[in-house]
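The structure under discussion appears below in the form of structure tokens.
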Amino acid sequence: MADLELVTSSAVAAAGHATRRRNRRWLLAFPALAFLAMFFGVPLLQNAARSLGLGDYPSASTAITLAHYQKMLADPYYLGVIFETLKVSSLTTAFCLLIGYPVAYVMVRMAGRLAVPLLFLLITPLLTSIIMRTFGWRVLFARRGVINDFLMQLHVIDQPLPILSSSVSVYIGMIHVLVPFMVLSIVPVLQGVDRRLEDSARVLGAGAVRTFFTVTLPLTLEGIATGCVLVFMLANGSFVTMLLLGDGNVVTLPLLIFQQFTLTHEIGLASAMSNLLLLIVLVCLYAQLRLARLKEA
Amino acid sequence: MKARLAAALVARHAGNWLLGSFTLLFFVFLVAPIAVVVAVSFTPQAAVSLPYQGFSFRWYARLIEYRPFADSLLTSLYLALNSALVAVLIAVPAALALGRNTSRAATATVAFLLAPIAIPALVIGLSLLYYLSNLGLGVSYTSLLVAHTVISVPYVMRTVLAVYRNVGSDYEEAAAVLSANPWQVFIHVTMPLIAPGIFAGSLFAMLVSLDNLAVSYFFGTANVTTLPVVMLSYLQNQFDPAIAAISTVQMLITIALLLVVERTYGLRALTTQ
């Protein structure tokens, strides 16, 4: 009896000890949590409040108003910008997939010993500054730039092409920045595909193309989905490419926020626009979460 | 039968050839704008052009003449180092505290600590600007440091979490059974195990900080500002090869950092999401 009591009490003590230790562990997370709550969570909430007319600018107000959102959604110009943002992001994502998938396929299936150097090449542009890359495209695309010179010397064209004053340069710049993310998302999934499944399909008489579309592609949908969500999200937040390669032809939400801030100082509207951008990203994150759940199931 | 086999072989050969050339073109596309900038940086001419005639370091000399480049490069490096340091100090304990906790609260907290990676930096920067101005920090080095730390935390968190979850708890339990106290376990067992993760995470955070424009743009002052901001305003005012030279210098620094990561941890850590 006494023994049992001793055992139970020490078990209770041990359990209490473990709980205390768990609680102490939570303390370790406190600095990071407090820092991000203070300098990330609260500012974003404040921004949301500002977009509803609350808060500190231009004067403390307590009446909620949807005026900024109404202005944004009633004005055809702003609606056009929102539409353009979604269009640029979708098209960029589609192009990145069409270009990135074959490249990932070659890197996994055909590159052999070249795979590691190719991976290096794929990552290096990610680590050069975005300004360097847009500057490079401007040199290549300029009226008297490398591409126009080359094409004129070959007599393919007589007049220099106005590449920089079309939206083509923005799309090329965006694809250049984001396509490595697509390839990097597809490569690991493609590596995990059991090749015996493809061999079986071939043995059973399916051609190479049919095998690809009925076996390989469905098995790599997860990588495609991850890559697409990632690229779409990153495209939504980009503005340097539009700023330096767009020549005013492509105006998206981030660029407009940037311009609102630097030129017109319409803070309420800028807040509403960044809140909308945030909302698009949250929808993407939710989609990503659902995809992750699907993967686990 | 033989003819069909031959036709299939030819088709396959052609397919491979097509895929191979497509990939080759892709990598040319990927490298072209960067190679062009490096080439332009060595031009002897005053205008942006490829160095068709001669080869010169005059634009690298310009980097030393035009003070904002050198000053902001130093600010950027200093800022990248400091924000990574603060991020390590707060993110590593959090990763250790939450890494093996599967409760809902812990999972949600981890998601929150990783969130800044997913939110457009421009939105973070704009929101933080008004918030910090109300606190009286406004545009200053401190504000830059706070903003860059917010962005750095998820990168450190991500790699440390990955490594910590990967090594499992066996070693730490063994040490505890052998009567090491929690502090001894941390210093002699946990720390050496997660060191590569800390290292890779903070280097990656530094790389991101060095190239960040969207956040830095809001907090730079006339005296203290980062290199990308100086490059952007230079590019908007004049179009000369100095930008190519400073870009090349920055790329070399970045590649050096990347090689350090590769040597100590392997490139894989940078690609796992």
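Within segment A:127-173, how many residues are hydrophobic (A, V, I, L, M, F, W, C) and either touching a residue at least 24 places away in the same chain (Cβ under 8 Å) or within 9 Å of chain B (Cβ to nearest Cβ) (or both)?
Residues in segment A:127-173 being hydrophobic (A, V, I, L, M, F, W, C) and either touching a residue at least 24 places away in the same chain (Cβ under 8 Å) or within 9 Å of chain B (Cβ to nearest Cβ) (or both): 14 in total.
I'd like to check which helices (runs of 4 or more DSSP H) are fully inside segment A:140-226 and have at least 3 residues that are among the hydrophobic types (A, V, I, L, M, F, W, C) and out of contact with any Cys (no Cβ under 8 Å at 6 or more places or on another chain).
Per the criteria, A:146-153, A:168-191, A:195-203.
If we scan segment A:210-219, do we find a residue that is crowded, with 21+ Cβ neighbours inside 10 Å and either within 11 Å of chain B (Cβ to nearest Cβ) or out of contact with any helix residue (DSSP H, G or I) (no Cβ under 7 Å at 6 or more places or on another chain) (or both)?
No, that holds for no residue.
Just to be sure I understand, how many residues within segment B:14-26 are more than 9 Å from chain A (Cβ to nearest Cβ) and touching a Gly at 6+ places or on another chain (Cβ under 9 Å)?
Qualifying residue count, segment B:14-26: 0.
Only one of B:ALA11, B:ALA94 is within 11 Å of another protein chain (Cβ to nearest Cβ) and at pLDDT below 90; which?
Only one candidate passes the filter, namely B:ALA11.
Which one of these is at pLDDT 80 or above, part of a helix (DSSP H, G or I) and farther than 20 Å from A:ALA67 by Cα: A:MET242, A:MET273?
Within the list A:MET242, A:MET273, the selection yields A:MET242.
Quick one: in segment B:78-89, of everything that is under 25 Å from A:MET233 (Cβ atoms) and not hydroxyl-bearing (Ser, Thr, Tyr), which residue is nearest to the other protein chains (Cβ to nearest Cβ)?
Result: B:ALA87.
Pairs needed: first member in segment B:1-24, surrounded by 11 or more Cβ atoms within 10 Å (Cβ to Cβ); second member anywhere, among the hydroxyl-bearing types (Ser, Thr, Tyr) and in a helix (DSSP H, G or I); C-beta distance under 9 Å; at least 6 residues apart or different chains.
B:LEU19/A:TYR105; B:THR23/A:TYR105
From the list A:LEU276, A:LEU256, A:LEU243, A:LEU263, pick out the single residue that is over 15 Å from the mean Cα position of the chain (by Cα) and facing another protein chain (nearest Cβ under 9 Å).
The conditions single out A:LEU243.
I need the full set of residues from segment B:29-66 which are surrounded by fewer than 12 Cβ atoms within 10 Å (Cβ to Cβ) and touching a residue at least 60 places away in the same chain (Cβ under 8 Å), in order please.
Of everything in segment B:29-66, those that are surrounded by fewer than 12 Cβ atoms within 10 Å (Cβ to Cβ) and touching a residue at least 60 places away in the same chain (Cβ under 8 Å) turn out to be B:ALA46, B:ALA47.
Within segment B:209-222, which residues are touching a Ser or Thr at 6+ places or on another chain (Cβ under 9 Å) and surrounded by fewer than 20 Cβ atoms within 10 Å (Cβ to Cβ)?
The one that is touching a Ser or Thr at 6+ places or on another chain (Cβ under 9 Å) and surrounded by fewer than 20 Cβ atoms within 10 Å (Cβ to Cβ): B:THR221.
Scan segment B:215-234 for residues that are more than 15 Å from B:LEU73 (Cβ to Cβ) and either assigned to a helix (DSSP H, G or I) or at the interface with another protein chain (Cβ under 8 Å from one of its Cβ atoms) (or both) and jot them down.
Of everything in segment B:215-234, those that are more than 15 Å from B:LEU73 (Cβ to Cβ) and either assigned to a helix (DSSP H, G or I) or at the interface with another protein chain (Cβ under 8 Å from one of its Cβ atoms) (or both) turn out to be B:TYR217, B:PHE218, B:PHE219.
Just checking, how many residues over segment B:128-142 are facing chain A (nearest Cβ under 10 Å) and small (Gly, Ala, Ser)?
1
Residue check, A:GLU198 against (1) more than 30 Å from B:ARG12 (Cα to Cα); (2) more than 8 Å from chain B (Cβ to nearest Cβ); (3) touching a Ser or Thr at 6+ places or on another chain (Cβ under 6 Å), all met but one. Which one?
(1)
Exactly one of these conditions fails for A:LEU73: (1) among the hydrophobic types (A, V, I, L, M, F, W, C); (2) at pLDDT 90 or above; (3) farther than 30 Å from B:ASN101 by Cα. Give me its number.
Here A:LEU73 meets the rest and fails (2).
Quick one: in segment B:97-127, of everything that is within 7 Å of another protein chain (Cβ to nearest Cβ) and not in a helix (DSSP H, G or I), which residue is modelled with the lowest pLDDT?
Ranking the candidates gives B:ALA118 first.
Can you go through A:GLY223, A:GLY205, A:GLY227, A:GLY237 and tell me which one is at positive phi and modelled with pLDDT under 90?
After ruling out the rest, the residue left standing is A:GLY205.
When you look at B:PHE29, is it within 13 Å of chain A (Cβ to nearest Cβ), hydrophobic (A, V, I, L, M, F, W, C) and closer than 26 Å to A:LEU121 by Cα, yes or no?
yes
Output the qualifying pairs, or none if there are none: Cβ atoms under 8 angstrom, residues six or more apart or on different chains, first residue in segment A:182-193 and away from every other protein chain (no Cβ under 12 Å) and β-branched (Val, Ile, Thr), second residue surrounded by 19 or more Cβ atoms within 10 Å (Cβ to Cβ) and not in a helix (DSSP H, G or I).
A:VAL193/A:THR220
Do we have any residue at all in segment B:121-144 that's of a type outside the set (Ser, Thr, Tyr), more than 20 Å from the chain's Cα centre (by Cα) and under 24 Å from B:PHE204 (Cβ atoms)?
Scanning segment B:121-144 turns up at least one residue that is of a type outside the set (Ser, Thr, Tyr), more than 20 Å from the chain's Cα centre (by Cα) and under 24 Å from B:PHE204 (Cβ atoms).
So, in segment B:150-185, how many residues would count as being within 30 Å of A:PHE40 (Cα to Cα) and free of Cβ contacts under 8 Å to residues at least 24 places away in the same chain?
The total comes to 1.
Here is a list of conditions, (1) part of a helix (DSSP H, G or I); (2) farther than 30 Å from B:THR221 by Cβ; (3) modelled with pLDDT under 85, and B:PHE204 meets all of them except one; can you say which number that is?
It is condition (2) that B:PHE204 fails.
Specify which of the listed residues (A:GLY80, A:GLY112) is surrounded by fewer than 21 Cβ atoms within 10 Å (Cβ to Cβ) and at positive phi.
Selected residue: A:GLY112, the only one of A:GLY80, A:GLY112 that is surrounded by fewer than 21 Cβ atoms within 10 Å (Cβ to Cβ) and at positive phi.
The values are calculated or read from the model by the stated rules, or taken from the named source; none is laboratory data. These numbers were taken from a predicted model, which means no experiment stands behind them. A quick note on method: Cβ atoms are made from the backbone with ideal geometry, for glycine too, and the neighbour counts reach across all protein chains shown.
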